Amino acid sequence: MQIRVGYELQYDFPQPTPMILTLHVHSSRASDLARPDHMMATPAVPMAAYRDGFGNWCTRLVAPQGHFSVTSDAVVNDTGAPDPVFPSAFQHPVPELPEETLVFLLGSRYCETDRLSEIAWKQFSGTPLGWARVQAICDFVHHHIQFGYEHANPTKTAWEVYNDGKGVCRDFAHLAVALCRCLNIPARYCTGYLGDIGLPPPYAPMDFAGWFEAYLGGSWHTFDPRNNTPRIGRVLIARGRDAADVAISTTFGPNTLQSFRVWTDEV
C-alpha cells in the first residue's frame, strides 16, 4: 500500500529568527519514499540539513520577518501490516546490553526515573520479564491516563502525568518510557505519522503521534500505550530520549504559530 504523508506549518515572526525543524521521514524509511518529502518554504530561504546525535534528519534555516510557512507532501510505500508483535522477546541483563542502549536507561527531561522507580517496582516486579513486562506497562498506562487534546501541556512530565491521570499521546509514551527505564529496560521516545488506516470512522483530527521503542531480544520493538493495539501505517520521523530531543520545530526567538495541519492517508 502507499500512504500520503505531509504537513503545513504557518508562522508569523516579528524579526528574522533561526529555526531547527525535525520533520523529515526517518532515514530508516528512506527507501520506502515513493515521492520524496522535500521541505518547501514560503518565502524561500536557504536551508541546511544535518543529522543530530540520535541519527534524525534536521533542517536549519532563518525564517524571515513576517508570514512564513513550511510544507511537505510525500508518498511512502508500506507493507500494510500492523505493528509486529514478538511475545518471546527477552529482557537483557544490564551488563549484557549494548553500549548504545545505555543512554536509554537514564532519566531525561520528561522521564524522571528517580521519582517513578519505587512505583515501577511495586507495580510491575511480579510481571514476567521481557515482552510481557513491557506490555503490562503499556496496559497500565493505557488505562491510567485519560486521553484528550485539551490536556496537552508542553511542560508536562511523566511524573506529572502519572499524578494527573490526563494527557495526550506524548504523555502516554513518556510515562511508559520512564517506567521501562526504572525496570532496566532501555526505552526511547518516537514521533511520526500515524493515521486511522484500518479503523472505522469517525476519525480524529490528524496530528503527529508519539509512541516508544523498547530494547528486547537484541532489537528495538514498537509499543504504543496510547492506542495499545498494533496499528497500520506508522511512519517514523525521529527518535530520542524524550520529546525534548525530537521537537518538530525549535525557534530561537519570538513567533506565533498561526496554523498547523498534518495528513496521513492511504492512497
May I ask you to evaluate 6.51 cos²θ - 1.76 cosθ + 1.60, the Karplus curve with θ = phi - 60°, for each residue of segment 74-89 and list the ³J(HN,Hα) values in order in whole Hz, giving x for glycine and proline?
10, 10, 10, 6, 9, 5, x, 8, x, 3, x, 10, 10, x, 8, 4
Kindly put H92, H24 in sequence by how many other C-beta atoms sit within 10 Å of each C-beta, fewest to most.
H92, H24
Going by alpha carbons, how many degrees (0 to 90, nearest 10) lie between the helix axis of 131-144 and the longest principal axis of the chain?
70 degrees
Restricting to segment 94-245, what percent of DSSP beta bridges are antiparallel, rounded to 5?
90 percent
Fewest to most Cβ atoms within 10 Å: T17, T79, T250 sort as T79, T250, T17
Give the Cα extents of the chain along the principal axes, in whole Å, largest first.
57, 39, 39
Taking segment 94-245, the equivalent ellipsoid from its C-alpha gyration tensor has semi-axes in Å, biggest first, of 23, 17, 15
What length, rounded to one decimal in nm, is gained on full extension from L199 through to F260, with 0.36 nm per residue of separation minus their alpha-carbon distance?
19.6 nm
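Compute the FRET efficiency between E96 and V45 as 1/(1 + (r/R0)^6), taking r as their Cβ-Cβ distance and R0 = 45 Å, and round to the nearest 0.05.
Result of the calculation: an efficiency of 0.40.
For every helix of n ≥ 4 consecutive DSSP H residues, a contribution of -39,500 (n - 2.57) applies; sum these over the chain, divide by its total residues, and give [θ] at 222 nm rounded to the nearest 500 deg cm²/dmol.
Numbers: 4 runs with 47 residues, N = 267.
Only helices count here, giving -5500 deg cm²/dmol.
Suppose every K and R has +1 on its Cβ and every D and E has -1 on its Cβ; what is the size of the dipole of segment 94-245 about the Cα centre, in Debye to the nearest 20? The partial results should precede the final answer.
Numbers: 14 positive and 17 negative charges, 25 e Å.
Charge dipole of segment 94-245: 120 debye, to the nearest 20.
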Interchain or sequence-distant (5+) residues whose placed amide H lies within less than 5 Å of the amide H of S108 are T113
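Using a Förster distance of 25 angstrom, determine the FRET efficiency expected from the C-beta separation of A152 and D114, and round it to 0.05.
Numbers: r = 25 Å, r/R0 = 1.00.
Efficiency, rounded to the nearest 0.05: 0.50.
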If one takes the longest principal axis of the Cα atoms in the chain, at what angle in degrees, from 0 to 90 and to the nearest 10, does the Cα axis of helix 169-182 lie?
40 degrees
Just want the ordering: C182, C58, C111, from fewest to most Cβ atoms lying within 10 Å of their own Cβ.
C58, C182, C111
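Every number in this text was worked out from the coordinates using simple rules, so none of it is lab data. Just so you know, these numbers come straight off a predicted model, no measurement behind them. Quick reminder, even Gly has a Cβ in these numbers, built from the backbone with ideal geometry, and neighbours come from all protein chains shown.
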